[in-house]
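Scroll down for the structure; my scribbles are underneath it.
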Amino acid sequence: MTPPEGADAPAEPDGRHDVTVRLETAPPFDGPGLLRFFADHAIAGLEGGDHTRYSRGVRLPGGPATIDIRLDGPHSITLDANLADAADLPELVRRVRRLFDLDVDAAAIDAALARDPTLAPSVLANPGVRLPGSVDAQETLIRTLLGQQVSVPAARTVLGRVCRELGGGADGLFPTADAFGQRGHEVLRGPARRVASIIGIAGALASGDLVVDETLSVDELTHRLVAMPGIGPWTAGYVAMRVLGAPDVLLAGDLIMLQSADALGLPSTEKTLGAHGARWSPWRSYAGLHLWRSIGR
């Protein structure tokens, strides 16, 4: 790794710091699948990427950073970062490892899920599937709220417009929760109740009344989220998967997941799929990824 984690990176003339870090994981590693997910969900003007790389801006304690991540072999990635403060490097590395789910035992997960003959073909075809993580918990929650109940392309369109109108693209960063709380009424469209809910949640995040971060347990996070008007179990479960890396969440009520289950001959109602999915514990989140993958999500 260049430089070593925690080491000072030489300052550039503008006072910023360019660093390159190689991060490894135990095989198998479906890096291309993760990068396709990030590319499919990327917000124009804030993120970029394809099946080989991903780039974006990130808020860090010492100031904003830009990152560019690319595959570097079958089970490693390379992170190029431009930092405002070299001391932010360990925190950035930690977030990127979570973003790419690098610390999970993918071989054990694959072995467990392959025991189900319905999932086995997907596990064989897609070894090392990883949970797409998050570099910013508040951003992930707001993006989820804005993108739910619509297709991924439609969500990208909405998020791109909203970010432009809130000035997010000007600094390459997703708008803050405070920006959504203060100006959401100017840019958000849709039913008044839903708009008010998103603005209220963003305001609670900005004020600290609602705290969402990776230090919470799944139960704590779920309890806090579903207590907010406009947040239901699907949103809470999805955010737990992305922010916490929760390995055992099955979004059994997800429409795409139910369609995939039906196509595979699995139980295809929320109740019956949830009951069937008990056999996939403690890796139900990864089983759900295979269901999504089988229908091309």
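The values are calculated or read from the model by the stated rules, or taken from the named source; none is laboratory data. Just so you know, these numbers come straight off a predicted model, no measurement behind them. Heads up, the Cβs are rebuilt from the backbone with ideal geometry, glycines too, and the neighbour counts pull from every protein chain shown. Note: accessible area is taken over every heavy atom of the protein model, side chains too, but ligands, DNA and RNA are not part of it. Shrake-Rupley method; radii C 1.70, N 1.55, O 1.52, S 1.80 Å.
Suppose we keep only residues that are among the small types (Gly, Ala, Ser) and part of a loop (DSSP other than H, G, I, E, B) within the stretch 252-297. Which one would you say is surrounded by the most Cβ atoms within 10 Å (Cβ to Cβ)? Reasoning before the result, please.
Step one: of the stretch 252-297, the residues among the small types (Gly, Ala, Ser) are 252-253, 260-261, 263, 265, 268, 274-275, 277-278, 281, 285, 287-288, 294, 296.
Next, only the ones that are part of a loop (DSSP other than H, G, I, E, B) stay: 252-253, 265, 268, 281, 296.
Working: 252: 25, 253: 16, 265: 8, 268: 17, 281: 12, 296: 7.
Selected residue: 252.
Here residue 99 passes the criteria (1) surrounded by 22 or more Cβ atoms within 10 Å (Cβ to Cβ); (2) closer than 12 Å to residue 24 by Cα except the one numbered (2).
So that you can scan it fast, the table gives a plain yes or no per residue for (1) surrounded by fewer than 21 Cβ atoms within 10 Å (Cβ to Cβ); (2) more than 16 Å from the chain's Cα centre (by Cα); (3) of a type in the set (Ser, Thr, Tyr); (4) farther than 18 Å from residue 129 by Cβ:
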residue	(1), (2), (3), (4)
27	yes, yes, no, no
36	yes, no, no, no
39	yes, no, no, no
55	yes, no, yes, yes
72	yes, yes, no, yes
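For the stretch 129-148, the candidate set comprises residues that are farther than 15 Å from residue 41 by Cα and open to solvent by less than 20 Å² (accessible area, probe 1.4 Å); within that set, the residue that is farthest from the chain's Cα centre (by Cα) is 129. Taking the listed residues 88, 101, the one that is under 23 Å from residue 291 (Cβ atoms) and within 22 Å of the chain's Cα centre (by Cα) is 101, with no other qualifying. For the stretch 190-206, the condition of being at pLDDT 95 or above and assigned to a loop (DSSP other than H, G, I, E, B) holds for none of the residues. When restricted to residues that are open to solvent by 10 Å² or more (accessible area, probe 1.4 Å) and not in a loop (DSSP other than H, G, I, E, B), the stretch 242-251 contains 2. Just one of the listed residues (181, 172) is over 19 Å from residue 132 (Cβ atoms), in a helix (DSSP H, G or I) and in contact (Cβ under 8 Å) with a residue 12 or more places away in the chain, and it is 181.
In the stretch 102-121, is there at least one residue being within 23 Å of residue 214 (Cβ to Cβ), among the small types (Gly, Ala, Ser) and loosely packed, with under 15 Cβ neighbours inside 10 Å? Yes, the stretch 102-121 contains at least one residue that is within 23 Å of residue 214 (Cβ to Cβ), among the small types (Gly, Ala, Ser) and loosely packed, with under 15 Cβ neighbours inside 10 Å.
Conditions (1) touching a strand residue (DSSP E or B) at 6+ places or on another chain (Cβ under 7 Å); (2) among the basic types (Lys, Arg); (3) open to solvent by less than 10 Å² (accessible area, probe 1.4 Å), marked per residue:
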{"residue": "127", "(1), (2), (3)": "no, no, no"}
{"residue": "150", "(1), (2), (3)": "no, no, no"}
{"residue": "153", "(1), (2), (3)": "no, no, no"}
{"residue": "160", "(1), (2), (3)": "no, no, yes"}
{"residue": "183", "(1), (2), (3)": "no, yes, no"}
{"residue": "196", "(1), (2), (3)": "no, no, no"}
{"residue": "202", "(1), (2), (3)": "no, no, yes"}
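The residues listed here are 22, 56, 16, 70; of these, the one that is basic (Lys, Arg) and modelled with pLDDT under 95 is 16.
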